[in-house]
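The values are calculated or read from the model by the stated rules, or taken from the named source; none is laboratory data. Remember, predicted model here, so these are calculated numbers, not experimental data. Positions of Cβ are generated from backbone atoms using ideal geometry, with glycine treated the same way; all protein chains shown enter the neighbour counts.
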Amino acid sequence: MTIQILKSIAKEGQVFSFDQLYRKTHIKKEALSVILSRLEDHGFIERIEKGKYLIIPLDSEKGSYTLHEFVIGSYLIEPSAISYWSALHYYGLTEQIPRTVFLQTTERKKKSRLNIFGLDYQIVRIKNEKFYGLRKEWIEEVPVSITDKEKTIIDCLDKPQYSGGIIEVTKALKTGLLDQEKLNEYALKIDNLSVVRRLGYLCDKIGFQLALPPIKSKKYLLLDPTMPSKGPVNPKWRMIINLDTTFLDDLE
């Protein structure tokens, strides 16, 4: 009976929820909880989080098998997209390997930080109007949403704390592997003047020509909010340059 249940649910994907299984089997919830507990004890499934389970292939051992972290992340909340530092690394725009998988969503989740199979997941909730610039990638035969290169840069400038800091974003810009027209469009669309100012300053340093609006605000903004708030100022973009930008000269 238990194997038949697993085969039935596996046709819909390797990860399933308690509610999904309940709707499919109509087994009383108390009895279904017992069945799932036994399946887990016997190594047929492994719990990802409360109410969500991973089916373990028959030729694998419990604890030694898992899906790609992006696939698992895509099951944690819908809609969602791999983003920030994780997307930077996916596209090869940073050499640093993030120890956390970053996800963007428009939905609320009780826990925004999870540890699954020893890996940390950070779920970042954003406004609906900021959820754009997505593409589908097939990972282990599962479609996974991920922010495209240009939106990844804009998101990292919007929330540098999830990108490894401004230095990593600057390295990505310096590669030249970006659509400047799309980058300009996304910077204006996100409706955050901080993004425009950070992007404008960095593009001036790198030599990108973008059509960004002039800054009218008199207040100065930190280039990198993850760093100490001291440094020279840039009047054009009203920026406090609170990191050593000489590293730009060393980037190829």
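Summary of computed values
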read-out	value
Members of segment 32-79 found to be assigned to a loop (DSSP other than H, G, I, E, B) and either modelled with pLDDT of 90 or more or in contact with a Cys (Cβ under 7 Å, 6 or more places away or on another chain) (or both), listed by number	50, 51, 68, 77, 78, 79
Residues located in segment 94-123, provided they are under 17 Å from residue 158 (Cα atoms) and buried (at least 17 other Cβ atoms within 10 Å of the Cβ)	102, 103, 104, 105, 122, 123
Verdict on residue 133 being crowded, with 20+ Cβ neighbours inside 10 Å, assigned by TED's automatic domain parsing to the domain that holds residue 101 and of a type outside the set (A, V, I, L, M, F, W, C)	yes
From 177, 173, 210, residue being under 18 Å from residue 83 (Cα atoms) and assigned to a loop (DSSP other than H, G, I, E, B)	177
Condition met for residue 246 (of a type outside the set (Lys, Arg), modelled with pLDDT under 95 and in contact with a helix residue (DSSP H, G or I) (Cβ under 6 Å, 6 or more places away or on another chain))	no
Residue match in segment 162-170 (condition: among the charged types (D, E, K, R), in a helix (DSSP H, G or I) and modelled with pLDDT of 95 or more)	no
Of all residues in segment 1-31 being farther than 28 Å from residue 121 by Cα and surrounded by 12 or more Cβ atoms within 10 Å (Cβ to Cβ), the one that is modelled with the lowest pLDDT	2
Matching option when the condition is among the charged types (D, E, K, R) and in the same structural domain as residue 143 (by TED's automatic domain parsing), among 24, 111	111
Number of positions in segment 102-141 that are acidic (Asp, Glu), under 28 Å from residue 186 (Cα atoms) and not in a helix (DSSP H, G or I)	2
Tabulated pairs, segment 141-168, first in contact (Cβ under 8 Å) with a residue 24 or more places away in the chain and farther than 19 Å from residue 193 by Cα, second buried (at least 21 other Cβ atoms within 10 Å of the Cβ) and among the acidic types (Asp, Glu), C-beta under 7 angstrom, 6+ apart or interchain	147/155
